[in-house]
Amino acid sequence: MPALPRLSLVIPAFNEVATIQRTLRAIRAYLEPRGFEYELIVSADGTDGTREAAAALVSELPVKVLGEPQRRGKGKGVREGMLTATGDIVGFLDADYKVAIDEIEKVLPWFDQGFDVVIGSRKAAGAAMNAKRPWYRKLGSSGFALLMRPLVGLRGIGDTQCGFKFFRAAVARDLFSRQRIDGYMFDVEVLSLAVRSGYKVKEIGVSWQDDGDTRLKLVSGNWKNLKDLFRIRFGRTNKAA
């Protein structure tokens with residue numbers, strides 16, 4: 001049996017004071033009995049106490065905490081965490097735990113088969129959606145995909161936005177050192193960079209639990225995302241407006 005890789009897990013968190021400690025302990029409860037060496041990097045902007053709640057577990061868990069009082073964007077938080085990581089395999093998962101860490105068992109074998117990036121998907125074979133999304137979110141998701149794929153060249157990827165993505169360490173450093181989008185479209189930018197760089201990307205179905213919470217504002221948020229897609233397409237990936 002091959003040795004287990006050392007994992008670095010970046011957990012972006014915004015207004016997650018009620019869930020962050022539960023999520024971190026759930027990750028530990030799964031990884032430690034299985035012999036994983038790991039580090040947790042919480043990237044938490046805001047003033048609701050999420051950063052402080054995560055920092056309170058430093059004596060209990062191998063956790064680092066990053067972030068600022070002002071909200072700077074999920075993309076920026078993930079980028080900082082990924083560039084801080086020291087593991088052999090580096091990934092991120094959301095603080096609300098829509099995808100549980102046990103799905104890592106589906107991820108790791110693909111690195112042994114030569115893939116550089118392995119991403120969770122709600123649309124690939126084997127995916128399970130454990131809650132129904134409102135019709136307007138389904139419609140918005142379908143419309144987004146129709147526009148995004150031809151615009152940025154990701155036709156072969158069914159789900160760019162699932163918050164469960166893993167990278168070889170050197171690949172993560174390369175991609176996130178070049179990634180610039182601070183908002184929600186950072187996933188698209190990273191995958192676009194990976195494909196254009198010739199990295200091998202594998203999309204796998206995961207179990208996903210929708211808690212009904214979304215931080216995206218339907219009008220202003222989608223307009224910002226559209227602008228970021230054009231930045232990705234035409235290479236103008238400085239800070240999102």
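Here is how the numbers come out for the structure above:
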| item | result |
| --- | --- |
| Neighbour-count ranking [beta-carbon atoms within 10 angstrom, fewest first] of Thr19, Thr47 | Thr47, Thr19 |
| Cα centroid separation - the stretch 158-193 against the stretch 2-36, whole Å | 20 Å |
| Order by protection proxy (mean Cβ within 10 Å, highest first), peptides 196-208, 176-188 | 176-188, 196-208 |
| Approximate spin-label separation Lys200-Met129, in nm, with each point projected 7 Å along Cα-to-Cβ | 3.1 nm |
| As computed over the stretch 7-234, the Cα convex hull volume per residue (Å³) | 119 Å³ |
| Amide hydrogen neighbours beyond the local backbone of Ile41, cut-off 5 Å, H modeled | Leu9, Val10, Ile11, Lys64 |
| FRET efficiency for Val58 and Asp88, using Cβ-Cβ distance with R0 set to 22 Å, rounded to 0.05 | 0.45 |
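Bear in mind that the values in this text are calculations on the coordinates, not laboratory data. Model, not experiment: these values are computed from the prediction. With ideal geometry, Cβ positions are generated from the backbone for all residues, glycine too; neighbour counts draw on all protein chains shown.
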